[in-house]
Amino acid sequence: MEIQRPRQPWVLVLSVFAVVCLLPTTVHSMVRHYKFNVVMKNTTKLCSSKPIVTVNGMFPGPTIVAREDDTVLVKVVNHVKYNLSIHWHGIRQLRTGWADGPAYITQCPIQTGQSYTYNFTLAGQRGTLWWHAHILWLRATVHGAIVILPKLGVPYPFPQPHKEKIIVLGEWWKSDVEAVINEATRSGLAPNVSDAHTINGHTGPLPNCPSQQGYGLPVKPGKTYMLRIVNAALNEELFFKIAGHELTVVEVDAVYTKPFKTDTVVIAPGQTTNVLLTANAYAGSNYMVAATTYMDAPIAFDNVTATATLHYVGPTTANANAAAKTVLATLPPQNATWVATKFIKSLRSLNSEEYPARVPMNVDHSLFFTVGLGVNPCRSCVNGSRVVADINNVTFVMPKIALLQAHFFNLPGVFTDDFPARPSHPYNYTGTQPANPATMKGTRLYRLPYNARVEIVLQDTGMITPENHPIHLHGFNFFEVGRGLGNFNQKKDPKKFNLVDPVERNTVGVPAGGWVAIRFTADNPGVWFMHCHLEIHTTWGLKMAFVVDNGDGPNHSLLPPPADLPKC
Ligand code: C2O
């Protein structure tokens, strides 16, 4: 997938200048219109003839390309039997929470036959983000990339690549994903793992589908490419690798990083990573591109590796390459925690003069959230119990009306704002399991005043099993100021926090049996979802929301809802 640059406004500016001979030199931001028709479609990329839910018949869906400061309008028309909503993952949505998209959090879903126009401005962000359906498990096939180019005339803080390519990684089930999750919800057990992984919608050849074509990545010898990698998988963190080539990480979650070299990218569901790839290997070979699961907990996962091919093109290699042998990628073992840790610890904000890291130095709300699983009784379930997930022992219950509406219109009885700032019964989170793994239920939010400086320590628990949890916060970027294994130590660990150049992102991996500390400033009024981006954990209740009050005056207040906001 190659990125089409939007038409340059200066072409128009120059031609008008020729006539008028007097023009301001500033370049204005633009309004970009997209239409998303949600339709069923067969795709030949997959080893199946079953139609899937898509946007505009594409898998992955269309890429949104815009520049920093542009306004984007996306009209979503729902032609399928499922109600749905679309989330613009990582877009700050300053004061425009109505366009954020998580169903029953900021909007009621768009019903079959209905439409809704998402309207938002890309303020202060540039890089790769992505969009996806935000209801049930539809995001398995309803997703695509968002490319925010820097303002016109502003270069990247690294050498301009020859070309840019989008690499969307995904997970694919042979059966209907809605049936998969409905069955799991009925039984109270874990759902089936996926049948294969995908790279730009292609699995590559599979044991039971050997003729399946993989995605092809053509490169010219000596040129440098930027890959915009998105992990759109539902439940699996991934290793991404290209045989014979090193990659230089330059950005994650639409924030520039200090460049560093790696042979393996580690990427959790929800995260994006931009890397530079220089085509400097022997041009007489092809090179395998691979995406495979990273899983260091004792639970079932999909062990089918998605493969694609990097091949050299050019006057001398074009013909030779069809028959060239492919250099295979040596993949890390599936449980290679050391590979993941090395990668994650290398991530630093660029923190340059142009792109400073504005880390909150002081904290007004210090929160301690345990994240993990639990077990609740369930009479109709297979074992008489149901696997659930929670934050601070609260399994979040989705409301029937969107929380943002309830907040804006002061509707009583939809949520309470008493989400616990810390666990009510502390225990040794990473030690032996407590006797009672049951959780409480509730639609409980945590209230923050405008501009509050917030720290959250996210502590994994060993309830059932320790496991990685990629936690995503809507409406904000945050800084990862610290991480460690075992239980967080309030006396010792904050002394080691990095408040200078911590990585800034929107989705962070809480390590299995460990913790991560994040900080952000609550400068965006509205209701903002926070949840594990492993879709099964979200389904099980590993989610909560913040309600951020308005600040002083209209410029610091949530805008009123648009007229076409869907109704429940
Ligand atoms: Cu990418 Cu709440 O999601």
- Item | V252 vs. criteria under 15 Å from the mean Cα position of the chain (by Cα), within 16 Å of the ligand (Cβ to nearest atom) and within 21 Å of P332 (Cβ to Cβ) | yes
- Which of the residues spanning the stretch 344-359 are buried (at least 17 other Cβ atoms within 10 Å of the Cβ) and within 22 Å of the chain's Cα centre (by Cα)? I344, L347, R348, S349, L350, A357, V359
- Query: Looking at G509, G541, which one is on the phi > 0 side of the Ramachandran plot, within 16 Å of the ligand (Cβ to nearest atom) and buried (at least 20 other Cβ atoms within 10 Å of the Cβ)?
  - Reply: G541
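Every residue, every condition in (1) modelled with pLDDT of 95 or more; (2) within 21 Å of the chain's Cα centre (by Cα); (3) open to solvent by 60 Å² or more (accessible area, probe 1.4 Å), yes or no:
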site	(1), (2), (3)
E2	no, yes, yes
R32	yes, no, no
T43	no, no, no
V77	yes, no, no
- Query: Is at least one residue of the stretch 162-174 more than 24 Å from the chain's Cα centre (by Cα) and at pLDDT 95 or above?
  - Reply: yes
- Considering only the stretch 267-279, state which residues are open to solvent by 10 Å² or more (accessible area, probe 1.4 Å) and more than 15 Å from the ligand (Cβ to nearest atom). L276, T278
- Name every residue in the stretch 451-477 that is among the hydrophobic types (A, V, I, L, M, F, W, C) and part of a strand (DSSP E or B), in order of residue number. V454, I456, V457, L458, I471, L473
- Scan the stretch 544-553 for residues that are closer than 14 Å to G97 by Cα and within 14 Å of the ligand (Cβ to nearest atom) and jot them down. A545, F546
- State whether the residues of the stretch 86-108 include one that is touching a Cys at 6+ places or on another chain (Cβ under 8 Å), of a type outside the set (D, E, K, R), more than 14 Å from the ligand (Cβ to nearest atom) and modelled with pLDDT of 95 or more. yes
- Task: Select from the stretch 523-568 the residues that are aliphatic (A, V, I, L, M) and within 20 Å of the chain's Cα centre (by Cα) and list them in ascending order.
- Result: V527, M530, L534, I536, L542, M544, A545
- Considering residues that are open to solvent by 10 Å² or more (accessible area, probe 1.4 Å) and either at pLDDT below 95 or charged (D, E, K, R) (or both), the number found within the stretch 126-151 is 3
- Message: For the stretch 436-494, give me the residue count where each residue is closer than 26 Å to V414 by Cα, out of contact with any helix residue (DSSP H, G or I) (no Cβ under 7 Å at 6 or more places or on another chain) and open to solvent by 30 Å² or more (accessible area, probe 1.4 Å).
- Response: 8
- Do the conditions hold for A179, that is, is it surrounded by fewer than 24 Cβ atoms within 10 Å (Cβ to Cβ), free of Cβ contacts under 8 Å to residues at least 40 places away in the same chain and more than 15 Å from the ligand (Cβ to nearest atom)? yes
- List the pairs whose first member sits in the stretch 193-208 and is on the phi > 0 side of the Ramachandran plot, whose second member is among the charged types (D, E, K, R) and open to solvent by 10 Å² or more (accessible area, probe 1.4 Å), and whose Cβ atoms are under 6 Å apart, counting only residues at least 6 apart or on separate chains? G201/K45
- From the option list G372, G431, single residue qualifying as at pLDDT 95 or above and either part of a loop (DSSP other than H, G, I, E, B) or among the small types (G, A, S) (or both) is G372
- Query: Counting only residues that are farther than 16 Å from Y446 by Cα and within 19 Å of the chain's Cα centre (by Cα), which one in the stretch 473-501 is farthest from the ligand (Cβ to nearest atom)?
  - Reply: F479
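The values are calculated or read from the model by the stated rules, or taken from the named source; none is laboratory data. Since the model is a prediction, treat every value here as computed from it, not as a measurement. Neighbour counts run over all protein chains shown; Cβ positions are idealised from the backbone, glycine included. Each accessible area value is taken on the protein alone, full model and side chains, heavy atoms only, with ligands, DNA and RNA left out. Shrake-Rupley method; radii C 1.70, N 1.55, O 1.52, S 1.80 Å.
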